[in-house]
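Below is one structure, written out as structure tokens; comments come after it.
The values are calculated or read from the model by the stated rules, or taken from the named source; none is laboratory data. The model shown is predicted, which means the values in this text are computed figures rather than measured ones. So basically every Cβ, Gly included, is an ideal-geometry build from the backbone, and we count neighbours across all protein chains shown. Please note that ligands, DNA and RNA were not included when accessible areas were found on the heavy atoms of the full protein model with its side chains. Shrake-Rupley method; radii C 1.70, N 1.55, O 1.52, S 1.80 Å.
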Amino acid sequence: MLAIPLITLQAVVEVAVGGMLALFITDVTRLVTRGFLASTGGVLLLIGVLGVAGQYFLPDPSHLTDHFVNRAWLQPALRLAALFMVLFLLYLVAVYLRPPVLHVIIGLVAPSAGLASVIASAYAFPTP
């Protein structure tokens with residue numbers, strides 16, 4: 001029961017990563033307007049920031065679960081998630097300003113950082 005906040009916060013970050021990837025795909029294929037990208041991206045960014053901030057302020061998760069916690073992966077996972085959030089913000093700024101290549105480059109790098117944070121979290125909390 002104590003693991004529910006930890007699982008919820010991680011799921012929130014995963015939603016932000018997946019949503020950002022979907023936004024990037026629709027941006028590249030030009031299926032939606034800049035306004036849609038900015039508003040949806042803003043909501044996803046806020047959701048992701050709440051998840052990352054919650055994980056930062058959560059105490060040591062070892063006592064929240066009965067399963068093994070690989071502490072060597074905890075800080076890298078959090079740092080990668082924070083990097084993803086910063087890149088996501090830069091992506092939204094680039095979408096709004098529309099520099100020709102910058103938003104595409106950031107749009108490729110940001111989901112990669114987000115996916116790396118999800119993988120690092122999986123290593124931090126391996127299944128039994």
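Worth pointing out:
- Rolling a 1.4 Å probe over the heavy atoms of the protein chains gives the chain an accessible area of 57 Å² per residue.
- Here the sum of -39500 (n - 2.57) over DSSP H runs of 4 or more residues, divided by the residues of the chain, equals -26500 deg cm²/dmol at 222 nm, to the nearest 500.
- Rounded tilt (10° steps) of 34-57 against the dominant C-alpha axis of the chain: 20
- Accessible area (Å², 1.4 Å probe, nearest 10) - Ile106: 20
- Answer label for Kirkwood radius over Cα pairs in Å (calculated), chosen among [x] 15.6; [y] 14.2; [z] 15.0: [z]
- Stretch gain in nm, segment Ile4-Val93, where the contour uses 0.36 nm per residue and the Cα spacing is subtracted: 28.7 nm
- Projected label distance in nm at Asn70 and Thr29, using a 7 Å step from Cα toward the beta-carbon: 3.4
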